[in-house]
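A quick write-up on the structure given underneath.
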Amino acid sequence: MLFNSLEFIFIFLPLALIVFYGGARFLKPHFGRNVLFAVLTLASLIFYSYWYWPNIFVLLTSIIINYNIGCAIQNRNRQLNAKMLAAFGVAGNLAVLGYFKYLNFFAENIAFLSGDDHSIIKIMMPLGISFFTFQQIAYVVDSYKNKVRSQSIFDYALFVSFFPQLIAGPIVLYDDIKKQYSSPEFGSFNALYFVMGLMLFTLGLSKKVLLADNLSLISQPVFATADAGGTLQFFEAWAGALAYTYQLYFDFSGYSDMAIGLALLFGLKLPINFDSPYKSTSIIEFWRRWHITFSNFLRDYLYIPLGGSKNGRSRTAVNLLIVMFLGGLWHGAGWTFVIWGLMHGLFLVINHTYRTYLKAKGRENGIFSFPPLAYLMTMFSVMIGWIFFRAETFSGAFNVIKTMFGQNLILMPSEVFNRIPGGLHGVFLPENESELLYWTGALTWDAFPFIIAVAFSALLLPSSTSLYRRIKDFDTGKEAVGTAILNPVFGLYLGIVFILSVLMTYANAASEFLYFQF
């Protein structure tokens, strides 16, 4: 079941809300908070089972084992060494993740090297396993560090399985969400949160359906052609690379908004996971804005334990490369993801080295003192990385990149080509010579205004995250709710956007979010 599907929006979600608030009203006074944990956990399991119900057993087994390991560590059982238990818990989680996510990858590489195709094993990866595994690794480690103490199996099960964050994050820490579960307000209807949740859900839905899915119509045929070894032309390659750059942006931004919005409908606040990363003027800033909870996890549970930046520049560089290598591999079991991770590791090393150099020279910003140049350099680096992230093969990625730099000359509309001096005809080609397999070069020109429009919207428009952050002001009375949220004009705008998004979903069927595959 997808957040952007009609059955989720009009059947599952309304029923879940009715049962949850009904349980809070009639059952919580008699049975306590556990009844609410049970309701939301059951709803989450139904949501999860929609794809492939046997995977529920993987999820439930993981929950039960990790909960008991955490409890044993927290109780410091004298018969069991807490450090050994923590190591066993982390290793066990990684082993399960490795089996489901990477066994096929290693088997295929072994088969390739040995020439024996019979050794290839096909294993179906449970949806969201990368996310709920990392959440539970953090829980085990935090239990060892005495940072958390679980209340019951009921709240722990909900912490792991809560459907707004189960499939693609954000990666939630147990101690952060437990404070909300423990609040006497848990289960109480909060009109502010509910309205804010509807707003964020609608904004996220529109980003996914109206922007990301339409950008995929441009990027998909370009990369399919590149991976198949077809010939691309200059503007086609640029259109495909730019379209995917913003497709992934609005797809993940839309999912993040919808996840936070859904949690607010149930009175819960999830951590911000996406904060306008395409406004960044450095790779360091980009990773502080993109997939924030994943970046924080890598920092707190991998980079800092490796030594962080405390052991000199060389060791810092090695640590960054290790972290980003594993971050790339986490995103996908493929060499293109590894290269993407290493590229960003190298970008971060260069960025940190440059900042250290400027500091030693007594200069603060260098090229960063001219934000437009810093922005363009950052976005170009990110875009080149996304090409490897999207391509299924190295040859496909290099096909796109080489064409972007003019390997196959530059395709121009015929009416423009005919006006170019004859001496330049060796550089440009008329569009009817395009060999793109699935679309014509003319569509590239139609696509660019749309790509440019969404690029400027990502750069210039305020983020939905800024709206979410204002909840603190509403909660503390610093800002009146009516002046900021219950604005009839904005409400009308959201209503129109919601109707358009639903109609688009009805016409084209719901498509998966890109991060679901990780």
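The values are calculated or read from the model by the stated rules, or taken from the named source; none is laboratory data. Fair warning: this is a prediction, and the values are worked out from it, not measured in the lab. In this analysis, Cβ positions are derived from the backbone assuming ideal geometry, glycine residues included, and neighbour counts consider all displayed protein chains.
Quick notes on this structure:
- The range 187-223: number of residues that are out of contact with any Lys or Arg (no Cβ under 6 Å at 6 or more places or on another chain) and farther than 21 Å from Met504 by Cβ: 11
- Of all residues in the range 170-201, those satisfying the criterion of being in a helix (DSSP H, G or I) and farther than 29 Å from Gly495 by Cα are Tyr174, Asp175, Asp176, Ile177, Lys178, Lys179, Gln180, Tyr181, Ser182.
- The helices (runs of 4 or more DSSP H) found entirely in the range 1-119 that carry 3 or more residues being surrounded by 12 or more Cβ atoms within 10 Å (Cβ to Cβ) are 13-26, 34-49, 55-75, 82-114.
- Scanning the range 492-513 for residues that are touching a residue at least 60 places away in the same chain (Cβ under 8 Å), in a helix (DSSP H, G or I) and not aromatic (Phe, Trp, Tyr) yields Leu494, Val497, Leu500, Ser501, Val502, Met504, Thr505, Asn508.
- The range 99-144, subset among the charged types (D, E, K, R) and farther than 19 Å from Ile65 by Cα, residue modelled with the lowest pLDDT: Asp117
- Within the range 122-157, the set of residues being part of a loop (DSSP other than H, G, I, E, B), under 23 Å from Leu326 (Cα atoms) and β-branched (Val, Ile, Thr) comprises Ile123 only.
- Check on Gln247, in contact with a strand residue (DSSP E or B) (Cβ under 9 Å, 6 or more places away or on another chain) and touching a residue at least 40 places away in the same chain (Cβ under 8 Å): no
- Test: residue in the range 176-194 that is of a type in the set (Phe, Trp, Tyr) and surrounded by 24 or more Cβ atoms within 10 Å (Cβ to Cβ): no
- Of the residues making up the range 125-175, those that are of a type in the set (S, T, N, Q) and either surrounded by fewer than 22 Cβ atoms within 10 Å (Cβ to Cβ) or farther than 19 Å from Tyr255 by Cα (or both) number 7.
Results for (1) farther than 27 Å from Gly254 by Cα; (2) among the basic types (Lys, Arg), shown as yes or no for each residue.
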| position | (1), (2) |
| --- | --- |
| Leu326 | no, no |
| His331 | no, no |
| Lys359 | yes, yes |
| Leu373 | yes, no |
